[in-house]
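Presented below is the structure to which this report refers.
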Amino acid sequence: MLRPWLLPAMNASKLTAHSLPVTLYPRAVSSWALLLLNCVFVAMGVFLIVVGKWIGMVAAAFFSLGLVFSVIQVLPGSCYLRVTNDGLALCQLYRVRIITWDMVNSFFVFTIRHNGFKANELVAFHWSETVARSSYARWASEVISQCDGALPQTYGRKASELAAFLNACLADYRLRQCSAVDDDHEYDAMSANDTN
């Protein structure tokens, strides 16, 4: 089976709300770099064990766990974002989480800063009012991170482009819902006229 990251990547400009369903995969370079980095740190831990330093056991054990997760992440199908007409299917380490469009209020770019410098950008979102959550959880989430949730990565896209694409899909979903309600009202009106 051809691994998804070996397939030609879909250009971000080609991502439109009308091209659904779309499955986005993380960049292969970052996944393999993480795997290589964990291998290096495990090797350094083993070297420290050989020279008699006890801290080597801690380092080797810790980075061995990271190595396991990095190997799983480079396996096909272990990590993706599938965008459909119904919502998002977010898969991380083979665990799929479904987020429907009516659960989300909006998507936006969230910048993580460290010592005043930009460390990372993620696509964050606010839950809609229909999602049942305690008011304390909403307050704590808003105070700590100014968002209710975030995607774990940007799947090889710029955060701003991915947020714009997801907002376009969300707007398209809401437009379809409004037109479906209008069609139902027209059908009810026609049915009422037929019975008279």
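Please give the contour-minus-distance gain from residue 143 to residue 65: 0.36 nm per residue of separation, less the Cα-Cα distance, rounded to one decimal in nm.
So the chain would gain 24.9 nm between residue 143 and residue 65.
Under a 5 Å amide H cut-off, with hydrogens placed 1.01 Å from N, residue 15 pairs with nothing among residues at least 5 apart or on other chains.
Label-to-label distance, residue 113 versus residue 51, with points set 7 angstrom from Cα along the beta-carbon direction: 4.0 nm. Counted by neighbouring Cβ atoms within 10 Å, the residues 122, 175 run from fewest to most as 175, 122. Rounded if a/c is under 1.5, else prolate if a/b is larger than b/c, else oblate: which is the stretch 16-195, with a ≥ b ≥ c the root eigenvalues of its Cα gyration tensor? Prolate, because a/c is 1.5 or more and a/b exceeds b/c.
Charge tally around residue 21: other residues with Cβ under 11 Å, Lys/Arg +1 each, Asp/Glu -1 each, net 0.
Bear in mind these aren't lab numbers, they're just calculated from the coordinates by the rules spelled out. A quick note: this is a predicted structure, and the numbers were derived from the prediction, not measured. Using ideal geometry, Cβ is built from the backbone for each residue, glycine included, and neighbour counts are taken over all protein chains shown.
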